[in-house]
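Heads up, the thing below is written out as structure tokens.
Laboratory data are not the source of any read-out in this text; all were calculated from the coordinates shown. Given the structure is predicted, the values throughout are model-derived calculations rather than measurements. Ideal geometry is used to build each Cβ from the backbone, glycine not excepted, and the neighbour counts take in all protein chains shown.
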Amino acid sequence: MRLYSLAAPQNPVHLADICLRGQALVAHFWQGRLYVSTIHEDGIGIYDVEDPVVPVETAFHPVPLIHGFAVSAGHVFAASGTGTVVVIDVADPLRPVETATVATLTSAAVVASGCDRRYAANVRRRASSARAFVAPWA
């Protein structure tokens, strides 16, 4: 994965390369950290990017069959293909702690956050239609 400065969007500047544990799926920034979910080595890598020229992996937390995730209020909410949303406390980025596992309706789940709420959605595909179940939790 490559990090770029977009201080001048018309002229991006390459800052650093990060060697990931697998193929990148989703990435989020939160409070000086880069969170990257990877497939083939299913999980979330946490990188300190306070100095973006020298990014440092601080931890890796496995999440089986990860589909996506959101970072909010010191927690990662990761959708797993096992039919769960895994909640990980990342207040200490050196020692992420899995604090809960929430069962979902199916194995295809998407996680998002906004307005101080987190959402998990299950999408069921039948023929040419898709239905979604969305459950907010605080």
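Some points to look at:
- Annotation: amide H-H contacts under 5 Å for LEU15 (H modelled 1.01 Å from N, sequence separation of 5 or more, or interchain): LEU3, TYR4, SER5.
- Distant-in-sequence amide H partners of ALA59 (H built 1.01 Å from N, under 5 Å): ILE46
- Listed values for the stretch 74-82 are Karplus-derived 3J(HN,Hα) couplings in whole Hz (6.51 cos²θ - 1.76 cosθ + 1.60, θ = phi - 60°), namely x, 9, 9, 10, 10, 7, 10, x, 8, and x replaces Gly and Pro.
- Shown is the FRET efficiency for LEU6 and VAL56, computed with R0 = 30 Å from the Cβ-Cβ distance and rounded to the nearest 0.05: 0.90.
- Phi angles of the stretch 34-51 translate, via the Karplus equation with coefficients 6.51, -1.76, 1.60 and θ = phi - 60°, into HN-Hα couplings of 10, 10, 10, 8, 10, 9, 6, 10, 3, x, 10, x, 10, 10, 7, 10, 4, 9 Hz per residue; Gly and Pro are given as x.
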